[in-house]
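For reference, the structure discussed in these notes is given below.
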Amino acid sequence: MFENLQDKLDRAFKVLKGQGNITEINVAETMKEIRKALLDADVNYKTAKTFTDQVKEKALGSNVLTSISPGQLLTKIMNDELAALMGGEATELDLKNNPTIILIAGLNGAGKTTFTGKLALHLKSKGKKPLMVAGDVYRPAAVDQLQVLGEQVGVPVYANKESKDPVAIALEGIAEGKRNNNNVIIVDTAGRLSIDEALMNEISEVKAQTKPHEILFVVDSMTGQDAVNTAKVFNDRLDFTGVVLTKLDGDTRGGAALSIKSVVDKPIKFIGTGEKMEALDVFYPDRMASRILGMGDVVSLVERAQQQFDEKEAAELQKKIRKNKFDFNDFYNQIQQIKKMGNMKDLMGMIPGVGKMMKNVDIDDDAFKGVESIIQSMTPYEKENPDVIQQSRRIRIAKGSGNKVEDVTKLLKQFEDMRKVMKQFSNPAAAAKMMRNMP
Ligand code: GDP
């Protein structure tokens, strides 16, 4: 995410890093570079200019502190200003109405249907009882797509394939939700390939009839300035309540994320970071600013982990580890949970300093493929009793999973080492002893 922008800002900062103090000249030079970086990122000109003017003013004004270097000072100012540019505080959904009606709007391909599913899952995990309404009547596969997502996330979908009337479908869906005591009703709407009058009239009519409490405008962040322009047109007509930026996982420049708030003055509420249903994050401007500046985002990383790991499950697992019963079934489950946390590269990027290091390294979810296939080729007995996997079993597993015998042996060795370490850490006395022996 945002690799290009990070790179260019990094280069701009170099101007100041070597300097002992902040002067009018070196700040001006740095700001020129920063503005260039922002324009390259597809931030609009006015936003970039206002932004650098503000940073410059603050940098020159706060030159009294001598304890930190100019580079550090600028990083701090940039962090605050970037966060402010993207909206300052995180803005929550207004869910107090029962039912709360949420309208999803945007162009075709922006990721509306995917987001509808992700939002349903997100709300369900917060204890809500959502219903999704399949109102995208023009894109042939949209209704089926939403139904599949509904099954996947365990949230009901209202659809009426007979009808081509988006207003009627939305109203029917809302009535259905009320009957079933759904406290949030998410209405997916039809998009178009580009903005046209018919689309705007139709979605305005859906808005007028359904009186939604939230209207979320979904837009593909990779389209940069186009995303910002489309947002402006939709907002003029719909006066939406928030923006959802999708496909941030593939966005190296970040222009839409940086300019949309200042252009339409509506908060970004969510970001999509992958195709999976779990790849949705509440948007926190300050955390995003830290990430852009390569400072990582440990808070989000911990939160994602917390979402995935169930406390009861963790306690069970600990018990198994203590009894040395941690087996390949547990190991396999752990891999699945880590995968659910999201794209690996994205996760790494949340660790301070690691994002930059990983920039050119290609890691994806396939990283686990080899290990998964080996585990899948084990019999249930073998998974529970890894010690029995001697040479002849290893040969069979390697053949069955399409791996080399060495790979199987390597995995078994790693598994054994991991078990030893885990066992030691689950026993406080042994762990303390191990710590003392550390260099
Ligand atoms: P709609 O026409 O607006 O309903 O768009 P869809 O929900 O069908 O999404 C279009 C494509 O974008 C699909 O292939 C999705 O899997 C993909 N997509 C949606 N959100 C994201 C995201 O956050 N990241 C990535 N990488 N792909 C996404």
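The values are calculated or read from the model by the stated rules, or taken from the named source; none is laboratory data. Only a predicted model underlies this, so the values are computations on that prediction, with no experimental measurement involved. Positions of Cβ are generated from backbone atoms using ideal geometry, with glycine treated the same way; all protein chains shown enter the neighbour counts.
Could you check the range 94-109 and list, in sequence order, the residues that are surrounded by fewer than 24 Cβ atoms within 10 Å (Cβ to Cβ) and either among the small types (Gly, Ala, Ser) or farther than 13 Å from Gly191 by Cβ (or both)?
Residues satisfying the conditions are Asp94, Leu95, Lys96, Asn97, Asn98, Pro99, Thr100, Ile101, Gly109.
Out of all the residues in the range 244-299, which are over 13 Å from the mean Cα position of the chain (by Cα), within 15 Å of the ligand (Cβ to nearest atom), outside any helix (DSSP H, G or I) and among the small types (Gly, Ala, Ser)?
Once the filter is applied, which keeps residues that are over 13 Å from the mean Cα position of the chain (by Cα), within 15 Å of the ligand (Cβ to nearest atom), outside any helix (DSSP H, G or I) and among the small types (Gly, Ala, Ser), the range 244-299 yields only Gly254.
For the range 191-243, which positions are out of contact with any strand residue (DSSP E or B) (no Cβ under 7 Å at 6 or more places or on another chain), within 13 Å of the ligand (Cβ to nearest atom) and of a type in the set (Val, Ile, Thr)?
Listed by number, the list holds a single entry, Thr223.
Looking only at the range 91-106, decide whether some residue is within 16 Å of the ligand (Cβ to nearest atom), modelled with pLDDT under 95, in a loop (DSSP other than H, G, I, E, B) and touching a Gly at 6+ places or on another chain (Cβ under 7 Å).
So far as the range 91-106 goes, yes, one or more of its residues are within 16 Å of the ligand (Cβ to nearest atom), modelled with pLDDT under 95, in a loop (DSSP other than H, G, I, E, B) and touching a Gly at 6+ places or on another chain (Cβ under 7 Å).
Is it the case that some residue within the range 118-128 is among the charged types (D, E, K, R), within 13 Å of the ligand (Cβ to nearest atom) and assigned by TED's automatic domain parsing to the domain that holds Gly191?
yes
Working carefully through the options Gly111, Gly135, find the one that is at pLDDT 90 or above, more than 24 Å from Ile260 (Cα to Cα) and within 16 Å of the ligand (Cβ to nearest atom).
None of the others qualify; the one that does is Gly135.
Scan the range 153-190 for residues that are part of a loop (DSSP other than H, G, I, E, B), within 14 Å of the ligand (Cβ to nearest atom) and under 21 Å from Leu93 (Cβ atoms) and jot them down.
none
Can you confirm whether Ser426 is modelled with pLDDT under 90 and either buried (at least 17 other Cβ atoms within 10 Å of the Cβ) or not assigned by TED's automatic domain parsing to the domain that holds Phe328 (or both)?
Numbers: modelled with pLDDT under 90: yes; either buried (at least 17 other Cβ atoms within 10 Å of the Cβ) or not assigned by TED's automatic domain parsing to the domain that holds Phe328 (or both): yes.
Taking the combined requirement at face value, the residue satisfies it.
Among the listed residues Glu214, Glu197, identify the single one that is under 30 Å from Ala289 (Cβ atoms), surrounded by fewer than 21 Cβ atoms within 10 Å (Cβ to Cβ) and out of contact with any helix residue (DSSP H, G or I) (no Cβ under 8 Å at 6 or more places or on another chain).
Glu214 is the lone residue from the list that is under 30 Å from Ala289 (Cβ atoms), surrounded by fewer than 21 Cβ atoms within 10 Å (Cβ to Cβ) and out of contact with any helix residue (DSSP H, G or I) (no Cβ under 8 Å at 6 or more places or on another chain).
Residues of the range 207-221 being touching a residue at least 24 places away in the same chain (Cβ under 8 Å) and either more than 28 Å from Ser125 (Cα to Cα) or in a strand (DSSP E or B) (or both), which ones?
Once the filter is applied, which keeps residues that are touching a residue at least 24 places away in the same chain (Cβ under 8 Å) and either more than 28 Å from Ser125 (Cα to Cα) or in a strand (DSSP E or B) (or both), the range 207-221 yields Gln209, Glu214, Ile215, Leu216, Phe217, Val218, Val219, Asp220.
Here is a list of conditions, (1) within 15 Å of the ligand (Cβ to nearest atom); (2) within 25 Å of the chain's Cα centre (by Cα), and Met78 meets all of them except one; can you say which number that is?
Unmet for Met78, out of (1) within 15 Å of the ligand (Cβ to nearest atom); (2) within 25 Å of the chain's Cα centre (by Cα): (1).
Go through the range 275-298 and give me each residue that's crowded, with 20+ Cβ neighbours inside 10 Å and at pLDDT 85 or above.
If the condition is that a residue be crowded, with 20+ Cβ neighbours inside 10 Å and at pLDDT 85 or above, then Ala279, Leu280, Asp281, Phe283, Tyr284, Pro285, Arg287, Met288, Ala289 are the ones that fit.
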